[in-house]
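The values are calculated or read from the model by the stated rules, or taken from the named source; none is laboratory data. Predicted model, so just to flag it, every value in this text is computed and none were measured. We place every Cβ from the backbone using ideal geometry, glycine too, and count neighbours over all the protein chains shown.
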Amino acid sequence: MEFDHILIRFGEMALKGKNRKHFERQLLENVQFRLGEFRRAKVKKTRGRMYVLLNGEDAEEVMKACQQVFGIYSLSFAIHTENELEKLKEAVLSAVQAENGARTFKISAKRADKSFPLTSEDLNPALGGHILKNTEGLSVDVHHPDVELKVEIRHEGAYVTSKDYPGAGGFPVGTTGKAMIMLSGGIDSPVAGYLTMKRGVEIEAVHFYSPPYTNERAKQKVLDIAQELSRYGKRIKVHIVPFTAIQQKIHKDIPDSYGMTITRRMMLKITEKVARQQGALAITTGESLGQVASQTMESMNTINEVTDYPVIRPLVTMDKLEIINIAEKIDTYDISIRPYEDCCTIFVPKEPKTKPNREKTVAIEQSVDFSGYIEEAVGNIETIHINGKSEGRKQESFADLF
Ligand code: ATP
Ligand code: MG
C-alpha cells in the first residue's frame with residue numbers, strides 16, 4: 001500500500017460559527033487553486049479536515065505545494081483503506097516501512113465510526129503486533145516514539161497517517177479583507193506582501209514606474225514577483241502607475257532635499273486612491289525602521305500624513321538579514337536582485353532630508369499644484385492580472401474597472 005492522500009489540519013482553531021464556515025470554504029478554494037497544476041489531485045472536505053486524493057500525482061510535490069497555503073496548521077501523508085482489520089494491518093505496516101530510520105513506534109487508533117466492532121484498545125495491540133511480527137529492529141515506545149501511526153476509523157473508511165509536517169500557519173488568504181501593497185521590485189516589499197497574506201489578507205499591488213527612465217524589464221520584475229506571491233494565495237491584480245510626470249515636476253519645482261519625502265507622499269496618496277477604488281481597507285509597504293532616509297521615524301511621520309488609511313508595515317522591526325532569509329524562502333530574492341533601476345533610484349536627490357519637518361513639507365508641497373498630475377497618473381493606470389500560473393496574464397485598462 002502507498003500513501004494515496006494528504007491529510008490537511010487547519011490552524012487557528014478558535015474560530016467559531018459563521019467565521020469557521022467562511023474560513024473552511026476559502027481554504028478549500030485556495031488549496032484547489034494552489035494544486036491547479038496537479039490536474040489529477042482532488043481535494044475533499046470533511047468535518048474539520050481536508051484530504052487531498054493524490055490520484056497518481058507526486059506525493060512529495062503535492063505536499064510541498066500544500067505547505068505553502070496559509071491557514072493550514074499541519075499535514076501528513078495518509079493511506080486510505082476500508083474499515084477492515086486485515087486492510088488496516090497492511091496499511092500500518094506500509095506506513096511504518098515508509099519511515100526510514102525509525103526504530104520505535106506507537107499506534108494511536110481512534111474510532112470516530114462507532115459501528116466498527118473493534119475499540120481503540122483492541123486495535124492498538126492488534127495492529128502493533130502485526131508490525132512487530134513483520135519487521136526487524138522495531139519496537140514499541142508509547143512515550144517518545146520515532147513515529148506515531150495514527151489510525152482513524154471514520155464513516156467513509158479509515159485513514160492511517162504517520163509524521164506531521166508543518167503547514168504555513170496563518171489564515172486562508174481572502175478571509176480577513178483586502179490590502180493594497182506598494183510593490184517596488186526591491187527585496188523588502190515582496191516579503192511584506194507575503195507576511196500580510198499570511199494573516200489572511202488578499203492583496204492587490206500598486207507599482208510606480210517612470211518610463212523612459214525605467215525600462216520594461218523593471219516592470220517585468222514586479223510582475224514576476226507578483227507571480228511568486230500569487231502562489232501563496234489568490235490571483236493578484238497589479239496596477240502599474242505612470243509616475244514620470246510627477247517625478248519630473250518634483251525634480252523641477254521642489255527643493256532637492258524635500259524631493260524624496262514629497263515623492264513618497266505622492267505615491268502614498270495615489271495608492272490610497274487606488275485602494276479606495278478597489279475596496280481595499282489598508283495599505284501595505286516594505287518599510288523597515290531606520291533602513292534608509294525615507295524610513296526614519298520623522299520620515300514615516302511626515303509621509304504618513306497624507307492618508308488616514310491604516311498602513312501595515314510587517315517588516316518595521318526586522319533586520320535586513322531576517323528579511324532576506326524570508327525573501328529566499330519564498331523565492332522572490334533572486335528576482336529582486338536583478339539589476340534594473342527603480343523609479344526612485346533615478347531621481348534620488350544627493351542629500352535627502354532624513355528628518356523632514358511635517359509642517360514645512362506640507363507648506364512646500366502646497367506651493368505646487370499636483371492635483372492634475374495625480375489625476376492624470378490614476379487615469380492612466382494599466383492593470384495586469386496575475387493568475388498564479390506561468391501562462392495567462394490578462395491586461396485591462398484601469399478605466400474598464402469602474
Ligand atoms: P524595497 O526593497 O521594498 O524596494 P527599500 O528598502 O528599497 O524597499 P524604499 O525604496 O524606501 O525601501 O521603499 C520603501 C517602500 O516604499 C517599499 O518597500 C515599497 O513598499 C514602497 N515603494 C518604493 N518604491 C516603489 C515603487 N516604485 N512602486 C511601488 N512601491 C514602492
Ligand atoms: Mg526599493
Wholly enclosed helices (runs of 4 or more DSSP H) of the range 338-382 bearing at least 1 residues more than 36 Å from the chain's Cα centre (by Cα): 358-366, 371-379
Top-ranked residue in the range 286-330 [being part of a loop (DSSP other than H, G, I, E, B) and either of a type in the set (Asp, Glu) or not assigned by the TED database to the domain that holds Lys355 (or both); ranked as surrounded by the fewest Cβ atoms within 10 Å (Cβ to Cβ)]: Asp308
Unique match (being within 13 Å of ligand 2 (Cβ to nearest atom) and either at pLDDT below 95 or of a type in the set (S, T, N, Q) (or both)) among Thr214, Thr196: Thr214
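Every residue, every condition in (1) closer than 28 Å to Gln227 by Cα; (2) touching a helix residue (DSSP H, G or I) at 6+ places or on another chain (Cβ under 8 Å); (3) modelled with pLDDT of 90 or more, yes or no:
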residue: Phe10; (1), (2), (3): yes, yes, no
residue: Met13; (1), (2), (3): no, no, no
residue: Gly17; (1), (2), (3): no, no, no
residue: Arg25; (1), (2), (3): yes, no, yes
residue: Asn55; (1), (2), (3): yes, no, yes
Set Lys329, Lys320: member being of a type outside the set (A, V, I, L, M) and more than 16 Å from ligand 2 (Cβ to nearest atom): Lys329
Looking only at the range 45-85, and only at residues there that are surrounded by 13 or more Cβ atoms within 10 Å (Cβ to Cβ) and of a type in the set (Lys, Arg), the one that is farthest from Arg111 (Cα to Cα): Lys45
Test: residue in the range 203-210 that is at pLDDT below 95, within 16 Å of ligand 2 (Cβ to nearest atom) and assigned to a loop (DSSP other than H, G, I, E, B): yes
Some residue of the range 79-95 being free of Cβ contacts under 8 Å to residues at least 12 places away in the same chain and either in contact with a Gly (Cβ under 9 Å, 6 or more places away or on another chain) or of a type in the set (D, E, K, R) (or both): yes
Any chance Arg265 is of a type in the set (Lys, Arg), over 16 Å from Ile381 (Cβ atoms) and at pLDDT 95 or above: yes
Val348 being of a type in the set (Val, Ile, Thr), more than 13 Å from ligand 2 (Cβ to nearest atom) and surrounded by fewer than 18 Cβ atoms within 10 Å (Cβ to Cβ): no
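Table: residues versus (1) assigned to a helix (DSSP H, G or I); (2) crowded, with 20+ Cβ neighbours inside 10 Å; (3) within 16 Å of ligand 2 (Cβ to nearest atom).
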| site | (1), (2), (3) |
| --- | --- |
| Lys249 | yes, no, no |
| Tyr258 | yes, yes, no |
| Thr261 | yes, yes, yes |
| Arg265 | yes, yes, no |
| Lys273 | yes, no, no |
| Arg276 | yes, no, no |
| Ala280 | no, yes, no |
Check on Leu93, in contact with a helix residue (DSSP H, G or I) (Cβ under 9 Å, 6 or more places away or on another chain) and aliphatic (A, V, I, L, M): yes
Meets criteria (over 22 Å from the mean Cα position of the chain (by Cα) and in contact (Cβ under 8 Å) with a residue 12 or more places away in the chain) for Leu53: yes
Subset of the range 176-230 [under 28 Å from Arg20 (Cβ atoms), among the β-branched types (Val, Ile, Thr) and buried (at least 22 other Cβ atoms within 10 Å of the Cβ)]: Ile181, Thr196, Val201, Ile203
Sole exception among (1) over 15 Å from the mean Cα position of the chain (by Cα); (2) surrounded by 15 or more Cβ atoms within 10 Å (Cβ to Cβ); (3) assigned to a loop (DSSP other than H, G, I, E, B) for Arg40, by number: (2)
